[in-house]
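*Asks:* Before I ask anything, let me first share the structure, which is written out below as structure tokens.
The values are calculated or read from the model by the stated rules, or taken from the named source; none is laboratory data. Being a predicted model, the structure only gives us computed values, none of them experimental. Please note: Cβ atoms are built from the backbone with ideal geometry, for glycine as well, and neighbour counts cover all protein chains shown. To get the accessible areas, we keep the full protein, side chains included, count just its heavy atoms, and leave off ligands, DNA and RNA. Shrake-Rupley method; radii C 1.70, N 1.55, O 1.52, S 1.80 Å.
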Amino acid sequence: MALPSYASPLQRVWYYAFRVICALVFFYLMFPILVILPLSFNAEDFFTFTPEMLALDPAGFSLKHYVDFFTNPDWQLAMRNSLTIAPMATLISVSLGTLAAIGLSQTHVPFKRAMMAILISPMIVPLIISAAGMYFFFSAIGLQGTYWGVVLAHAILGIPFVIITVTATLVGFDRSLTRAAASMGAGPVKTFFKVQLPLILPGVISGALFAFITSFDEVVVVIFVGSAGQKTLPWQMFIGLREQISPTILAVASLMVALSILLLATLEILRRRNERLRGMSPG
Amino acid sequence: MSSSDTKPDMLSTHDGEPLKKSLGRALRRQKIRALLLIAPLLAFVILGFLMPIGSMLTRSIDNEVVEEIMPQTVAALESWDVDSTELPPEETFRALVADLQVAAENRTALTFARRMNYELAGFTTMVRRAQRLVRRIDLETDGPFRDMMIESHEGWGELETWRALKAYSSSPTIGYYLSAVDRTMVSGHIEPLPDDRSIHLMLFWRTAWMSGLICFLGLVLGYPIAFLLANVKERYANLLLIMVLLPFWTSLLVRTSSWKVLLQEQGVINQTLVWIGLVADDNRLTMINNKFGVIVAMTQILLPFMILPLYSVMKTIPPSYVRAAKSLGANDWTAFWRVYFPQSIPGIGAGAILVFIMAVGYYITPELVGGPSGMFISNRIAHQWYVSGNWGLVGALGTILLVAVLVLYWVYDRVVGIDNVKLG
């Protein structure tokens, strides 16, 4: 999209105007995320830049909000809960989801469309409706307010992402490889772990990351299905934002931004590996 | 040898079985294996998700509470005409006393009272007073009950009470759906609720138009970005894409809290505007707890969901088409509008429906930056849940919202195909 040398003045103006527009939109996308990082080092309990901060005076900065996060029992409980709920929910949705995705991408599957629609529905149904429905169900079977109740509810919410990413990877999977393994005497289980899984692993991992972030970021369902003992980080943030907004939230938010940068980097590496395996250069 | 001699056109396997049959068996086995792989997950989702939602939604028509707790009264009211200008006869009052005595014994009277109180404010007080009365009286000797009841609370002597009781005693009921669309039948006939209590239709409408606006703004802002991504060198595109994907991967709570920080009266935006001198210090802009805040925040939060489908469609549009149009004499605008834009419409459809579906069900952002005037229908559902405990109405509002979303989902499936959904 380079500007040709014969471009008219109007074209020149539009060329730069377009770039400015795009830059503004990128600013709109990124600024709210980036602004949190410096604000979280504020030495005061304010949500704006203090004059000391603007003057880059070291006295204006401090780690006190981070210290609060790591010492406050409420936040620590929330972090522990988040870190125990999300991996377990991810494990359940990835293991069941990968099996189902393999089943769904066979050539002759009856009712494929209908089953796909059912499995993707947790992503579509508004969260408040899912939360209310699951509240009654989990109360009836005695799981409301328990660790496993929240884990199962989050596993269900993560399933669509696993199904979507794994079936997408399986589209490029060469079926003759499993047949070759079978013809050489490997059983279905061995074929799966030795041949199929290593090849679709990027899809499985990115599905797992989606499932993890879905659970890690979820707040509506956990409020309904969980009780105070299962309070997660987003839940604690939600309470903090609704009642009295404490600057510790900014420190937590910054840590969560760091986590998403990490996840994004992992995904990008996986994507490049996947493209290389399929013989497409990442450019 | 023998079979191939007699039927030369029939192929068979080495042990003499017709090939067709053998293949059919293999295919069947393959299908069963595929289904077995899907079955555990399907069972999990149906049991843990679809059935719970289904049963929650049936609460929207379930009204057994009244009939169960007040069986004699409901039966006695059968013969009473809602349009009658006379109070029900003494037998009905007697039935009411009998029912309330049993209910007081079983501690169910207040469950019934709460159900009726959703429709007719003050019903709880009436039942409380009546309960105190019926505990003291004897059903056999202390008649007549009519005046005693009216004396306990004048509400029992009002026609509206009895009309409401009759109208809301049947199960299944459409009563909750009527409330969900701001209608009532306390008078025995379906009528609009008074304006000060009509809120749901307005909220449905607000949810729809604000989602539409967010969708449109997302399109206006997202289209240039997707165009840029699809038309620069792939190396740059990958770098720029990160700026779209990072917000996509960042926690919704994080982005909502940063908007809350930015938009506050003492927040960064107001501070900057005051510093530049555009806004006076004592006259800071109110950008939060209103519709403006919700639109600004939600557009930013949902923008990646617009850009990504647009980008994946635009990537497939061959640049030679636009060049061909220009070589045939089209100017830049014509080449874009007549050649490029029509080819990007599938992406617009996919992105717009996706963003709209997501926006319609939003709860967190309107709750935190919306305030009363930026509230969505989801917030009202949660409010009904927490504050009133009116689960029938939660079911009715939820069903309406769900049906709307499912229709959009169906359209999305038609336009894009659910198996073509891409993430990141």
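*Asks:* For the range B:131-191 and the range A:167-202, what is the separation of their C-alpha centers, rounded to whole Å?
*Replies:* 68
*Asks:* Taking each residue in B:259-272, count the Cβ atoms of any other chain within 10 Å of its Cβ, then average. What number comes out?
*Replies:* Mean inter-chain Cβ contacts per residue within 10 Å come to 4.
*Asks:* Another question about this same structure. Among B:P52, B:S257, A:F27, which residue has its Cα positioned farthest towards the positive end of the charge dipole of the protein assembly as shown, with +1 placed on the Cβ of Lys and Arg, -1 on the Cβ of Asp and Glu, and the dipole taken about the Cα centre?
*Replies:* Result: A:F27, furthest along the dipole toward the positive end.
*Asks:* Residue by residue through the range B:89-96, what is 3J(HN,Hα) from phi via Karplus (6.51 cos²θ - 1.76 cosθ + 1.60, θ = phi - 60°)? Round to whole Hz and write x for glycine and proline.
*Replies:* x, 3, 4, 5, 5, 5, 4, 4
*Asks:* A further question follows. Exposed loop sites here are GluC sites (Glu not before Pro) in DSSP loop states with at most 15 other C-beta atoms within 10 Å. What is the longest stretch of chain A lacking them? Please report the intermediate quantities before stating the final value.
*Replies:* Details: sites that count: A:E44, A:E243.
It works out to A:45-242.
*Asks:* Counting only other chains, what is the mean number of Cβ atoms within 10 angstrom of the Cβ of each residue in peptide A:105-113? Provide the component values of the computation, followed by the final result.
*Replies:* Details: counts 3, 7, 4, 5, 7, 3, 3, 3, 4.
That average works out to 4.
*Asks:* What are the extents of the Cα atoms of chain B along their three principal axes, in Å, largest first?
*Replies:* 99, 99, 37
*Asks:* If you don't mind, another one. Under 1.5 on a/c is rounded, so check that first for chain A, then, if it is not, pick prolate when a/b is larger than b/c and oblate when it is not; a ≥ b ≥ c are the square roots of the alpha carbon gyration tensor eigenvalues. Before the final figure, lay out each step's value.
*Replies:* On the way: a/c = 2.15, a/b = 1.20, b/c = 1.80.
In terms of gyration-tensor shape, oblate.
*Asks:* Now for a separate question. Restricting to DSSP loop positions (anything but H, G, I, E, B) with no more than 13 other Cβ atoms inside 10 Å of their own Cβ, which trypsin sites (Lys or Arg not before Pro) remain in the range B:50-111? It would help to have the intermediate numbers written out before the result.
*Replies:* Working: sites: B:R59, B:R94, B:R107; in loops: B:R59, B:R107.
Sites meeting the loop and neighbour criteria: B:R107.
*Asks:* Along the charge dipole of chain B, pointing to its positive end and built from +1/-1 on Cβ of Lys, Arg, Asp and Glu, which listed residue (B:P194, B:T124, B:A352) has its Cα farthest out?
*Replies:* B:A352
*Asks:* Which residues of the range B:11-42 end up with at least 20 Å² less accessible area in the presence of all protein chains than when their chain stands alone, using a 1.4 Å probe?
*Replies:* Output list: B:L27, B:Q30, B:K31, B:A34, B:L35, B:L37, B:I38, B:P40, B:L41, B:L42.
*Asks:* Hey, another quick one. With +1 assigned to the C-beta of every Lys and Arg and -1 to the C-beta of every Asp and Glu, and no other charges, what is the dipole magnitude of the range B:64-197 about the Cα centre in debye, to the nearest 20?
*Replies:* Working: 14 positive and 24 negative charges, 120 e Å.
Computed about the Cα centre, the dipole is about 580 debye.
*Asks:* Are there trypsin sites (Lys or Arg not before Pro) in the range B:322-424 that DSSP marks as loop and that have at most 15 other Cβ atoms within 10 Å, and which are they?
*Replies:* Working: sites: B:R323, B:K326, B:R338, B:R380, B:R414, B:K422; in loops: B:K422.
The qualifying sites are B:K422.
*Asks:* Kirkwood hydrodynamic radius, the range B:308-358, all distinct C-alpha pairs: what's the number in Å?
*Replies:* The Cα-based Kirkwood calculation yields 11.6 Å.
*Asks:* Based on the Kirkwood radius over alpha-carbon pairs, what value in µm²/s does the Stokes-Einstein equation return for the translational diffusion coefficient of the range B:2-58 at 4 °C and 1.567 mPa s?
*Replies:* Estimated via Stokes-Einstein, D reaches 87 µm²/s.
*Asks:* Hey, what's the per residue convex hull volume over the C-alpha atoms of the range A:9-60, in cubic angstrom?
*Replies:* Working: hull volume 4.9 nm³, N = 52.
Hull volume over Cα atoms, normalised by residue count, gives 95 Å³.
*Asks:* Given contacts defined as C-alpha pairs under 8 Å and at least six residues apart, what's the relative contact order of chain B, whole-number percent? List each step's numbers first, then the result.
*Replies:* Numbers: 454 pairs, mean separation 68.0, N = 424.
16 percent.
*Asks:* What residues in the range A:83-102 lose 30 Å² or more of accessible surface when the other protein chains are added to their chain alone (1.4 Å probe)?
*Replies:* Buried-area filter returns A:L96, A:L99, A:A100.
*Asks:* Another question about this same structure. With a 1.4 Å probe, how much accessible area is buried between chains B and A, both sides summed, in Å² to the nearest hundred?
*Replies:* That pair hides around 8300 Å² of surface in total.
*Asks:* Residue by residue, what Karplus-based ³J(HN,Hα) values in Hz, rounded to whole numbers, does the range A:227-242 have, using 6.51, -1.76 and 1.60 with θ = phi - 60° and x for Gly and Pro?
*Replies:* 10, 3, x, 9, 4, 9, 4, x, 5, 4, 5, 4, 4, x, 6, 7
*Asks:* Please work out the average accessible area per residue across the protein assembly as shown, using the 1.4 Å probe convention, and give it in Å². List each step's numbers first, then the result.
*Replies:* Working: 33430 Å² over 707 residues.
Roughly 47 Å² per residue, with all protein chains present.
*Asks:* Considering amide H positions built from the backbone, and no H for Pro or chain starts, which residues 5 or more places from B:T184, or on another chain, come under 5 Å of its amide H?
*Replies:* B:E191, B:L193
*Asks:* For the range B:230-281, state the semi-axes of the equivalent ellipsoid (square roots of 5 times the eigenvalues of the alpha-carbon gyration tensor), sorted largest first and rounded to whole angstrom.
*Replies:* Sorted largest first and rounded, they come to 32, 17, 5 Å.
*Asks:* Here is a further query. Ignoring everything except DSSP H segments at least 4 long, calculate the 222 nm mean residue ellipticity for chain A; use -39,500 (n - 2.57) per segment, divide by total residues, nearest 500. Let's see the in-between values first.
*Replies:* Working: 14 runs with 205 residues, N = 283.
The helix-only estimate for chain A comes to -23500 deg cm²/dmol at 222 nm.
*Asks:* From the Cα gyration tensor of the protein assembly as shown, with a ≥ b ≥ c the square roots of its eigenvalues, which class applies: rounded if a/c is under 1.5, or else prolate if a/b is larger than b/c, or else oblate? Show your work: numbers first, answer last.
*Replies:* Values: a/c = 1.98, a/b = 1.31, b/c = 1.51.
Because a/c hits 1.5 or more and a/b fails to exceed b/c, the protein assembly as shown counts as oblate.
*Asks:* Taking the Cα centre of the range B:200-420 as origin, sum charge times position over the Cβ atoms of Lys and Arg (+1) and Asp and Glu (-1), and report the length of that vector in debye to the nearest 20. Please report the intermediate quantities before stating the final value.
*Replies:* Working: 13 positive and 8 negative charges, 92 e Å.
The dipole of the range B:200-420 has a size of about 440 debye.
*Asks:* Which far-off residues, 5 or more places away or on another chain, put their amide H under 5 Å from the one on B:S12, with H placed in the peptide plane?
*Replies:* B:L19
*Asks:* Same structure again: Determine which lysines satisfy two conditions relative to B:K260: a Cα distance under 16 Å, and not lying fewer than 8 residues away in the same chain.
*Replies:* Output for B:K260: B:K291.
*Asks:* At 222 nm, what helix-only mean residue ellipticity would chain B give, in deg cm²/dmol to the nearest 500, using -39500 (n - 2.57) for each DSSP H run of four or more?
*Replies:* Values: 20 runs with 271 residues, N = 424.
Counting only the DSSP helices, I get -20500 deg cm²/dmol.
*Asks:* Local charge sum around B:T365 (other residues, Cβ-Cβ under 11 Å, Lys/Arg +1, Asp/Glu -1)? Don't skip to the answer; put the middle values down first.
*Replies:* Values: positive: B:R255, B:K260; negative: B:E367.
Net of charged neighbours comes to +1.
*Asks:* I would also like to ask the following. What are the residues whose amide H is under 5 Å from the amide H of A:N42, where those residues sit 5 or more places off or on another chain and H is modelled from the backbone?
*Replies:* A:S62
*Asks:* Report the FRET efficiency, 1/(1 + (r/R0)^6), for B:I32 and A:Q76, where r is their Cβ-Cβ distance and R0 is 35 Å, rounded to 0.05. Don't skip to the end; give the middle numbers.
*Replies:* Details: r = 50 Å, r/R0 = 1.42.
For B:I32 and A:Q76, the calculated efficiency is 0.10.
*Asks:* What distance in nm separates the two pseudo spin-label positions at B:R136 and B:T111, each 7 Å out from Cα along the beta-carbon direction?
*Replies:* 2.8
*Asks:* Mind listing which trypsin sites (Lys or Arg not before Pro) in the range A:115-191 are in a DSSP loop and have 16 or fewer other Cβ atoms within 10 Å? Walk me through the numbers before you get to the answer.
*Replies:* Values: sites: A:R175, A:R179, A:K190; in loops: A:R175.
Qualifying residues, ordered by number: A:R175.
*Asks:* Name the most mobile residue of A:T165, A:T48, A:T84, meaning the one with the largest mean-square fluctuation, in a Gaussian network model of chain A with Cα contacts below 10 Å.
*Replies:* A:T48
*Asks:* Compute the longest continuous run of chain B that contains no exposed GluC sites (Glu not before Pro); treat a site as exposed when its DSSP state is not H, G, I, E or B and it has at most 13 other Cβ atoms within 10 Å.
*Replies:* On the way: sites that count: B:E78, B:E86, B:E140, B:E265.
Within chain B, the longest run free of exposed GluC sites (Glu not before Pro) spans B:266-424.
*Asks:* Count, for each residue of B:51-57, the Cβ atoms from other chains sitting within 10 Å of its Cβ, then give me the mean as a whole number. Before the final figure, lay out the partial values.
*Replies:* Values: counts 2, 12, 10, 2, 4, 9, 3.
If you average over the peptide's residues, the count of other-chain Cβ atoms is 6.
*Asks:* For the range B:200-420, rounded, prolate or oblate, judged on the Cα gyration tensor with a ≥ b ≥ c (square roots of eigenvalues), a/c < 1.5 rounded, else prolate if a/b > b/c? Could you put the intermediate results ahead of the total?
*Replies:* Working: a/c = 2.41, a/b = 1.37, b/c = 1.75.
Oblate shape, in that a/c is at least 1.5 and b/c is the bigger or equal ratio.
*Asks:* Of all accessible surface on the protein assembly as shown at a 1.4 Å probe, what whole percent is carbon and sulfur? Working shown, then result.
*Replies:* Details: 21250 of 33430 Å².
Heavy-atom surface of the protein assembly as shown belonging to carbon and sulfur, 1.4 Å probe: 64 percent.
*Asks:* So, R0 is 51 Å and r is the distance between the beta-carbons of B:K233 and B:L23; what FRET efficiency does that work out to, to 0.05? Present the calculation step by step, with values, prior to reporting the outcome.
*Replies:* Values: r = 50 Å, r/R0 = 0.99.
E(calc), rounded to 0.05, equals 0.50.
*Asks:* Considering only A:G229, B:Y176, A:S121, whose Cα is most displaced toward the positive end of the charge dipole of the protein assembly as shown, charges sitting on Cβ of Lys, Arg (+1) and Asp, Glu (-1)?
*Replies:* Going by the Cα projections, it comes out as A:S121.
*Asks:* Please get the size of the charge dipole for the range B:163-237, origin at its Cα centre, with Cβ charges of +1 on Lys and Arg and -1 on Asp and Glu, quoted in debye to the nearest 20.
*Replies:* Values: 7 positive and 5 negative charges, 33 e Å.
Rounded to the nearest 20 debye, it is 160 debye.
*Asks:* Ordered by residue, what ³J(HN,Hα) values in Hz, to whole numbers, does the range B:81-88 give under the Karplus form 6.51 cos²θ - 1.76 cosθ + 1.60, where θ = phi - 60° and Gly and Pro are x?
*Replies:* Along the range B:81-88, the couplings run 8, 5, 8, 5, 9, 9, 5, x Hz.
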